[in-house]
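First the structure, in the form of structure tokens, and then the observations on it.
The values are calculated or read from the model by the stated rules, or taken from the named source; none is laboratory data. Predicted model, so just to flag it, every value in this text is computed and none were measured. Every residue, glycine among them, receives a Cβ derived from its backbone with ideal geometry; neighbour counts consider all protein chains shown. When the accessible area is computed, the model is the full protein with side chains, heavy atoms only, and any ligands, DNA or RNA have been set aside. Shrake-Rupley method; radii C 1.70, N 1.55, O 1.52, S 1.80 Å.
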Amino acid sequence: MSPRRSPLGQPIPPSAVATMAASRRRFLQGSLLGAGLLASPTLLTACGGSDSGGGTGAGSTVKFGINEAKGSGPAYDRLKSLADAYAKKSGATVDLNAVDHNTFQENLNNYLQGSPDDVFTWFAGYRMNQLAESGLISDVSEVWPIDGQGDSFKQAATASDGKQYFVPVGYYPWAVFYLKSTFEKKGYEPPTTNDEFMSLMQKMQKDGITPFAFADKDGWPAMGTFDILNMRINGFDFHMDLMAGEKDWDSSEVKQVFDTWKGLLPYHQKDPLGRTWQEAATSMGKGECGMYLLGTFVVDGIPDQEDDLDFFTFPELDSSIGATALDAPIDGFCVAAGGKNQAGAIDMMKWLGTAEAADAANKGNTPLIAANSGADTSVYSALQQKSAEVVGQATDIAQFLDRDTRSDFASTVMIPSLQKFLQDPDDIDGVTKSIQQQKVSIFGG
Amino acid sequence: MTSTDPDLVPPARAGRRPSRRLPWRDRAVVIAMVAVPSFFVLSLVWFPAVLSVILSFGSWNGIGDVDTIQWIGTQNYQDIATIYPPFWPAVKHNLIWLGFLFLGPTLLGMFLAVVLDRNMRFSRFYQTAFYLPVVLSLALTGFIWQLMYSRDQGLINQVLGTDIDWYGDPSVNLWAALVATAWRHTGYIMLIYLAGLKGVDASLREAAAVDGASETKTFFQVVFPVMRPINMIVVVIVVIESIRAFDLVWVINRGTNGLELIGALVAQNVVGEASRYGFGSALAVIMMVISSVFITLYLRVVFRQERER
């Protein structure tokens, strides 16, 4: 149970439970009550420092909110070394406010509407756009273009109004992981076509190995499977339109995705709904399963086998679509519109996008790869190098289902619906119809 | 979310005599004693409750001012009843939860309390052992049960040699969660009941013993009726616990896939950066209505008995 690696925020580590008391109280706190009775400071701002003056450079204070708690491992160390490196470089004081990952996400609205830190960790994609549209984060387009960050990153940092609100720091691909030792022993080869893929899975089954490790107890890992199947079958553009609510979930295209998935389920580990991704990673580590479709953070599930771990992109299913799209969620930073030191924040954002910042962050054994192409890749692990190569070859990059669509839709509709499908894969019509009805209600039309 | 805690409502006093004129200082004290609690009850209980009701008719993501709320009438309630698949299972699970807590851990906890009250050897040790799960943080509880229930690596499947998917199979995971709840609830009820038993006048038991009543008879005919206030507290606790039950399923899988509970659905809808406050509030209001039914019934029973005295 690693509470740390939850790039999507859905797995629920212990600490999140403690926040529920606060969360249940939360909706009262917003603007309705204002500074009234219940407006106790949120958990997030509680750790912040005193008033910070404006300005940049030496003597000024930038408050930096991060979504990893102190002592939570390499992810925290990475952000801490970023803060330290910036403080050293600019002479500013960086006031670090380290909050547990899920607590941070669950309280984000309150945090941003209260007295937020100036710069905070966030994700690219729809979730960033949502904040931008609500006016909760500041326009940072003056930071762009960033030397060493290409157009795709600029795109990912751009909200619907055409301005940039985000600075990427790193990202990681979702791909099919396997153990080199298992593949060598059995003479398997990473597949590139649908035929190779099917025959590999059949071979594995013959050898008594479950082809795919699979877990969906926390609800979000199966989204990765849906994403990749949809991008392979219907293409990247359809996928993004579907995520944006512009396509129907009960369409024949979506049904085909579920139908293909149903056909693949016999090659997946049974009973995924009771299994955490860490447990699924362990079954691959033990050689019971041959492959596992997950983000590179899979290495946190089997840290001792990092050197044995390798991966390939999910093979093409339809040759007219190809296999050039993948999920590669980008992490980075935003400036809170409610932060006191906007100028200092912008200055820090400028630095955070640089290769120098990427190098400062790349100290621990992080599964992330730097967004800045000028970053020093000589210190990369084999896994990081491969990640960079694979993402470099991809022409279309999606963020991940719960970052590409409305998060209320992702968490309250897609999680239960995908779980429903996994329980009863035969009722595709029922599941897609239910998703569509709820989608109409949430997206409003 | 909507705390309709009956303890906060001061019980009305039946049959009070018309008050004489009090000295101003006493009057000030009385006014303060009435005003301060009323203020807190109104602001902490009724105000949020009413706000929940109002919000439940809107659609709001929690960002911006009140004027960003779109008023959509009873749309939320219609959606909940018609196109929100987890709702009806959640209602069912809450009722199962209630029934199970009563018949299982509550009775067991009371039984344990009665047994432990008999000054047996090591009774302190047993008390601590049974109460320990209540003290453990939920995070730890969730972790402990994950170790027990894990399909591939869990203790239960290893010992029994089975491969039951305790947490993932929607036909068994509710019961798995109920057992884990029972593990905590039993100790809780035991402690409350034990405290009550300690307060029962010893002379009552002596008198019963002198009259030749058996232990069982003494308990059911003498001790149990004397314990009425405690029994009522236990009833209320169990009802409230089962209606607002949510923490354990939240730890397990955030209340999805067979573990839907209304409380967990409320949390699912209002937690996170893009919240459905209106929808969540509508669920909370439904939850509040259900608890009010139980609490009204309870208060009626209490008042009727008060009057009969």
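Electrostatic tally near residue A:349: other residues with Cβ closer than 12 Å to its Cβ, Lys and Arg +1, Asp and Glu -1, net -3. Whole-Hz Karplus values for the range B:31-45 come out as 4, 4, 5, 7, 5, 4, x, 4, 4, 5, 4, 5, 7, 9, 10 Hz, taken residue by residue from phi with 6.51 cos²θ - 1.76 cosθ + 1.60 and θ = phi - 60°; glycine and proline positions read x. Contact order for chain A, expressed relative to its length and based on alpha carbon pairs under 8 Å spaced 6+ residues apart, stands at 24 percent.
Note on the protein assembly as shown: antiparallel DSSP beta bridges, both residues inside, total approximately 60 percent of the bridges counted.
For the range A:303-379, the solvent-accessible area works out to 36 Å² per residue, with a probe of 1.4 Å and every protein chain left in place. Using C-alpha pairs under 8 Å with a sequence gap of at least 6, the mean separation divided by the residue count of the range B:86-271 gives a relative contact order of 35 percent.
For residue A:169, the residues whose amide H sits under 5 Å from its own are A:331, A:332, A:333, ignoring neighbours fewer than 5 places away on the same chain, with H placed 1.01 Å from N.
Going through the cross-link list A:80/A:286; A:217/A:262; A:262/A:439; A:185/A:386, which pairs have a Cα-Cα distance over 25 Å in this structure? Violating the 25 Å Cα-Cα cut-off are A:80/A:286.
Per residue, the range B:86-271 exposes an accessible area of 46 Å² to a 1.4 Å probe, with every protein chain left in place.
Phi angles of the range A:120-135 translate, via the Karplus equation with coefficients 6.51, -1.76, 1.60 and θ = phi - 60°, into HN-Hα couplings of 9, 6, 8, 10, 6, x, 4, 5, 6, 4, 4, 5, 5, 5, 7, x Hz per residue; Gly and Pro are given as x. Once you reduce the range A:154-185 and the range B:67-125 to the center of their Cα atoms, the two points are 42 Å from each other.
Farthest toward the positive end of the dipole of the protein assembly as shown, out of A:158, B:221, A:268, is the Cα of B:221, where the dipole comes from beta carbon charges about the Cα centre.
Taking label positions 7 Å along the Cα-Cβ direction at both residue B:202 and residue B:221, the computed distance is 2.4 nm, reported to one decimal.
Mind pulling the angle between the C-alpha long axis of helix A:221-233 and the longest principal axis of chain A? Nearest 10 degrees, somewhere in 0 to 90. With rounding to tens, the tilt is 70 degrees. Working from Cα pairs under 8 Å separated by at least six residues, relative contact order for the range B:187-286 is 17 percent.
Here the scattering of chain A is modelled by Debye summation over its C-alpha atoms, one equal scatterer each and no solvent; at q = 0.10, 0.11 Å⁻¹ the log10 of I(q)/I(0) is -0.71, -0.86. Comparing each chain alone with all protein chains together (probe 1.4 Å, DNA, RNA and ligands left out), the residues of the range A:125-173 losing at least 30 Å² of accessible area are A:134. The stretch between residue B:171 and residue B:30, if pulled fully straight at 0.36 nm per residue, gains 45.2 nm over its current Cα-Cα span. Do the alpha carbons of any pairs in A:63/A:163; A:247/A:350; A:180/A:203 sit beyond 28 Å of each other, and which pairs? With Cα atoms farther than 28 Å apart: A:247/A:350. Among B:243, B:125, B:258, which residue has its Cα positioned farthest towards the positive end of the charge dipole of the range B:86-271, with +1 placed on the Cβ of Lys and Arg, -1 on the Cβ of Asp and Glu, and the dipole taken about the Cα centre? Farthest towards the positive pole: B:125. Around the amide H of residue B:72, modelled in the peptide plane, lie the amide H atoms of B:58, B:59, all under 5 Å away and 5 or more residues distant in sequence or on another chain. With the charge dipole of chain A set up from +1 on Lys and Arg Cβ and -1 on Asp and Glu Cβ about the Cα centre, the Cα lying farthest toward the positive end among the listed residues A:381, A:122, A:221 is that of A:122.
Once the partner protein chains are put back, the range B:233-269 shows a loss of at least 20 square angstrom of accessible area, versus the chain by itself, at B:246, B:250, B:251, B:252, B:253, B:254, B:256, B:257, B:268 (probe 1.4 Å, ligands and nucleic acids excluded).
With the full set of protein chains in place, find how many percent of the accessible area of the protein assembly as shown is carbon and sulfur; take the probe as 1.4 Å.
On the way: 18130 of 31950 Å².
Carbon and sulfur: 57 percent of the exposed surface of the protein assembly as shown.
The range A:328-385 and the range B:28-54 have Cα centres separated by 50 Å.
Please list, or write none, the aspartates and glutamates whose alpha carbon is within less than 15 Å of the alpha carbon of residue A:89, excluding same-chain residues fewer than 8 places away. Within the straight-line limit of under 15 Å, residue A:89 reaches these aspartates and glutamates: A:347, A:356, A:359.
The Cα center of the range B:155-223 and the Cα center of the range A:240-314 differ in position by 43 Å.
The interface between chain A and chain B buries about 4700 Å² of solvent-accessible area in total (1.4 Å probe, ligands and nucleic acids excluded).
Computed from point charges on the beta carbon alone (+1 for Lys and Arg, -1 for Asp and Glu), the dipole magnitude for the protein assembly as shown about its Cα centre is near 4160 Debye. For helix A:74-90, report the angle its Cα long axis makes with the longest principal axis of the Cα atoms of chain A; keep it between 0 and 90° and round to the nearest 10°. Approximately 40 degrees, to the nearest ten. For residue A:294, the residues whose amide H sits under 5 Å from its own are A:175, A:177, ignoring neighbours fewer than 5 places away on the same chain, with H placed 1.01 Å from N.
To the nearest ten degrees, helix A:252-264 and the longest principal axis of the Cα atoms of chain A are 70 degrees apart. Summing charges over neighbours of residue A:426, with a neighbour being any other residue whose Cβ is under 12 Å away from its Cβ, gives -2 when K and R count +1 and D and E count -1. Here chain B is assigned +1 on the Cβ of each Lys and Arg and -1 on the Cβ of each Asp and Glu. Its dipole about the Cα centre then comes out at about 1540 debye.
In this Cβ point-charge picture (+1 for Lys and Arg, -1 for Asp and Glu), chain A has a dipole of about 1100 debye about its Cα centre.
Among A:203, A:247, the sequence by solvent-accessible area, most first, with a 1.4 Å probe is A:203, A:247.
With a cut-off of 12 Å between beta carbons, the residues surrounding residue A:437 carry a summed charge of -1, where Lys and Arg count +1 and Asp and Glu -1.
Derived scalar couplings between HN and Hα for the range B:132-145 equal 3, x, 5, 6, 4, 5, 4, 4, 5, 4, x, 5, 4, 6 Hz in order, rounded to whole Hz, by the Karplus curve 6.51 cos²θ - 1.76 cosθ + 1.60 (θ = phi - 60°), x for Gly and Pro. Computed over the protein assembly as shown, the per-residue total of -39500 (n - 2.57) for DSSP H runs of n ≥ 4 gives a 222 nm mean residue ellipticity of -15000 deg cm²/dmol, rounded to 500.
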